[in-house]
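Each remark here refers to the structure printed beneath this line.
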Amino acid sequence: MDELHFQNIETIKARQWELLRKQLEYIADKSPYYKRLLKENSLQLEDFQKPEDLKKLPLTTKEDLQLNNSEFISVPEEDIIDFVTTSGTLGSPVNFALNEADLERLAENEYRSFSIAGIKKTDKVQITTTLDRRFMAGMAYFLGLRKLGAGIIRTGSGLPQLQWESIERFKPNYLVAVPSFLLKMIQYARENNIDYKKSSVKAVICIGEPLRDQYFQLNALGSKITGLWNIELFSTYASTEMSTAFTECPYHTGNHILSELIYTEILDEDGNQVKPGEIGELVVSPLGTQTMPLLRFATGDMLTYYEGKCECGRNTPRLGPVVGRKQQKMKLKGTSLYPQHIIEVLNAFGKIKSFVIEARKDGLGNDVVSIKVPDSFKETDELKEYFKSQLHVTPRIENLPVKEIEMLKYPKASRKPQIFRDLR
Ligand SMILES: [Zn+2]
């Protein structure tokens, strides 16, 4: 299945280049957007002879995808099967689409992703995320598990009662879930005398929120969950534009790159590849996509990567957790911070039921970060001291009624909570 990943890195890279070259040929022939981009940059296929040559091509941003959306479509409209959306940066969602080959590729991607985490045909998996709402990931989970032949329970998002009732009824040993939803499930179980510690669930494939820090240790959210419920948590990372998942193996040392399905670069501000362990922006070229193929798509996600053989035997590089979005970078008294750094501190402090982080600019153009905490929270000085010890800077702390915090956190039509509000 992913035998290639157990071979040496040179073999993996050679195969990856072969696939990337094939994708370039497809795109140069079929994609109106990239045909134009190649022409504008006086580039021809012959200019791409080795992986480094890819740098000749400008990055594709979220804005490019939004402003030239239909120009990315590279198949006849009647061939499109699944119409989905991705969250845009200019306010409205952006169209994305998949044909038969893309859906098959999506199934293969998720099949491999679940396999890396160790899920087998004999397992039963309850999907607690939405399969509809134009959401690609939910469909991907279903298709991947179907390809694997595992048992699938589609409970959908929310509804802790339905989740527990389904666990009791069908005895799944895995869940697919957003980590913070697991806390809601635990809370519901405790309030309703459900013996969740003795449930059939042994592990959770987690999406949407980081679970580990840069040292592969469970972060505050991860430890909180496992402290209450002794289950194994696997972090995954994916997006609609990437059409590919990055998943932890049972050794939990970063999310493995499916190198036959995606080509990755992690770049500094000058567009150069950063060294393993350094933070850069993830830039991806998905391999084998047909309907909306992307080349050098700048994800805006800031993260690091690790090389070398993993304990599982795979030689593919692994990605670290996302620390923030590129444009979310904040400078406080000379210190560069991303939202995840602040979230980790707040979670580790542990006494704040609900919070929202806001970034603004002051009159001089400097970043100001304030944290909205509930009225009932009184340990402001203690929290400030804690920030100082952890990040060497102290944001503003503002008390607000819980209701107002919740309203900021769950704007209408949002698919996930907005813990960070960027008002700059
Ligand atoms: Zn591994």
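The values are calculated or read from the model by the stated rules, or taken from the named source; none is laboratory data. As the structure is a computational prediction, the values presented were derived from the model and not from experiment. Here the Cβ is made from the backbone with ideal geometry for all residues, glycine too, and neighbour counts use every protein chain on show. The accessibility values were calculated without ligands, DNA or RNA, using every heavy atom of the protein model including side chains. Shrake-Rupley method; radii C 1.70, N 1.55, O 1.52, S 1.80 Å.
Averaging over all projection directions, the Cα-based convex hull of the range 329-422 occupies 6.3 nm² in the image plane. Average accessible surface for the range 1-117: 51 Å² per residue, computed with a 1.4 Å probe over protein heavy atoms with every protein chain in place.
Peptides 250-256, 394-400, 98-104 ranked from most to least packed by the mean count of surrounding Cβ atoms within 10 Å: 250-256, 98-104, 394-400. Could you tell me what percent of the DSSP beta bridges with both partners in the chain are antiparallel, to the nearest 5? In the chain, DSSP labels about 60 percent of beta bridges as antiparallel.
The mean sequence distance of close C-alpha pairs (under 8 Å, at least 6 residues apart), as a share of the length of the range 294-424, puts its relative contact order at 20 percent.
For the range 309-314, putting each phi into the Karplus relation 6.51 cos²θ - 1.76 cosθ + 1.60 with θ = phi - 60° gives couplings of 5, 7, 4, 6, x, 6 Hz, in residue order, rounded to whole numbers and with x for Gly and Pro.
What FRET efficiency, computed as 1/(1 + (r/R0)^6) with R0 = 30 Å and r the Cβ-Cβ distance, is obtained for Arg360 and Leu59, rounded to the nearest 0.05? Could the numbers behind the result be given before it?
Details: r = 28 Å, r/R0 = 0.94.
Given R0 = 30 Å and the Cβ-Cβ separation, E is 0.60.
The order of the peptides 357-367, 316-326 by mean Cβ neighbours within 10 Å, most packed first, is 316-326, 357-367.
Please state, rounded to one decimal and in Å, the Kirkwood hydrodynamic radius that the range 1-322 gives when every pair of distinct Cα atoms enters the mean of 1/r.
It works out to 20.5 Å.
With a cut-off of 10 Å between beta carbons, the residues surrounding Asp47 carry a summed charge of -1, where Lys and Arg count +1 and Asp and Glu -1.
Of the solvent-accessible surface of the chain, computed with a 1.4 Å probe over protein heavy atoms with every protein chain present, carbon and sulfur atoms account for 50 percent. By the scheme Lys and Arg +1, Asp and Glu -1, what is the net charge of all other residues having a beta-carbon under 14 Å from that of Lys353? So the environment of Lys353 carries a net charge of +3.
Within the full protein context, the accessible area of Tyr263 is estimated at about 40 Å² for a probe radius of 1.4 Å. Of Lys13/Lys275; Lys333/Lys353; Lys202/Lys353; Lys184/Lys384, which sit over 22 Å apart, Cα to Cα? Correct reply: Lys333/Lys353; Lys202/Lys353; Lys184/Lys384.
How much accessible area per residue does the range 329-422 have, counting only protein heavy atoms and a probe of 1.4 Å, in square angstrom? Mind dumping the intermediate values first?
Numbers: 5480 Å² over 94 residues.
Averaged over the residues of the range 329-422, the accessible area is 58 Å².
The largest-to-smallest principal axis extents of the Cα set in the range 217-352 are 48, 39, 30 Å. Working note: 222 nm ellipticity from helices only, DSSP H runs with n ≥ 4, each -39,500 (n - 2.57), summed and divided by the residues of the chain, gives -9500 deg cm²/dmol to the nearest 500.
When the chain is treated as a Gaussian network with alpha carbon springs shorter than 10 Å, the biggest mean-square fluctuation among Asn95, Asn193, Asn315 belongs to Asn193.
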